[in-house]
Amino acid sequence: MWKKEDSKAPGVVDSSGAGASLGGAPRDAGGALPASPRAAACISQGIRIKGEINGSEDLFVDGPIEGKLSLSNGSLTVGPNGSVKADVSACEVIVRGRVEGRIAGRERVQLWSTGQVNGDVQTQRLAIEDGAILRGRVEAGRAPDNSNEQRTPAPSKASNPIPVSSGTVSG
């Protein structure tokens, strides 16, 4: 006679939200694939890393990292349980957990509703969902085009005098 076992099959999410991954792609608490299902590497909750991480492939982080993280051609996804205390540089950065440090996303930075960032963000495109927390300075968009400055002649001092005053400041 068949008896239902209490243990869950691999890849099935239990009521606590923890679950195994299927097909090498990590799953979140709801069982859905992360924003970057093509992630070649995964750092889970049970792994703690201190130091420098360099690579060129996609990375899914759902555990604690301290140091520096640089992915030359890859994307970084910080999962809902991820805690990154590092300066981050990648083509694309998706934050669903916590990041403390500077984020440089060459193409895009995306903060999900569960994401928390404490640090400066520099990117071409920035998407922030309702509920996300961002504390820091943001530079978004393309770098200013300096070619306009070269085409515009500088005003001469004779035609545009600027008043100058001199004095001393004592404290």
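Taking amide H positions as modeled 1.01 Å from N, with prolines and chain starts lacking one, the residues under 5 Å from I133 and 5 or more places away or on another chain are G115, Q116, V117. Can you work out the FRET efficiency for the pair S72 and E100, with r the C-beta to C-beta distance and R0 = 22 Å, to the nearest 0.05? With a Förster radius of 22 Å, E is 0.50.
Modelled spin labels at D120 and A140, positioned 7 Å past Cα toward Cβ, are 1.8 nm from each other. Annotation: amide H-H contacts under 5 Å for V93 (H modelled 1.01 Å from N, sequence separation of 5 or more, or interchain): L76, R108, V109, Q110. Here, the range 41-137 has an Rg and a Dmax of 11.6, 33 Å when only alpha carbons are counted. Computed from backbone phi with θ = phi - 60° and the Karplus coefficients 6.51, -1.76 and 1.60, the 3J(HN,Hα) list for the range 111-122 is 10, 7, 4, 8, x, 9, 10, 10, x, 6, 10, 10 Hz; x is used for glycine and proline. Using the Karplus relation 6.51 cos²θ - 1.76 cosθ + 1.60 with θ = phi - 60°, the per-residue 3J(HN,Hα) values for the range 61-68 come to 10, 10, x, x, 9, 10, x, 9 Hz, with x marking Gly and Pro.
Coupling constants for the range 88-98 follow from the phi torsions by the Karplus curve (6.51 cos²θ - 1.76 cosθ + 1.60, θ = phi - 60°), and in residue order they are 10, 9, 7, 5, 9, 10, 10, 10, 10, x, 10 Hz; glycine and proline get x. Put in line by how crowded their Cβ is, counting other Cβ atoms within 10 Å and starting with the fewest, L76, L69, L134 read L134, L69, L76. Suppose R0 equals 22 Å; then what is the FRET efficiency for E107 and R48 from their Cβ-Cβ distance, rounded to the nearest 0.05? FRET efficiency, E107 to R48: 0.15.
Throughout, read-outs are computed from the coordinates displayed, never taken from laboratory work. Computed from a prediction, not measured in an experiment: that's the story for all the values here. Cβ sites come from the backbone with ideal geometry, for glycine too, and all protein chains shown count toward neighbours.
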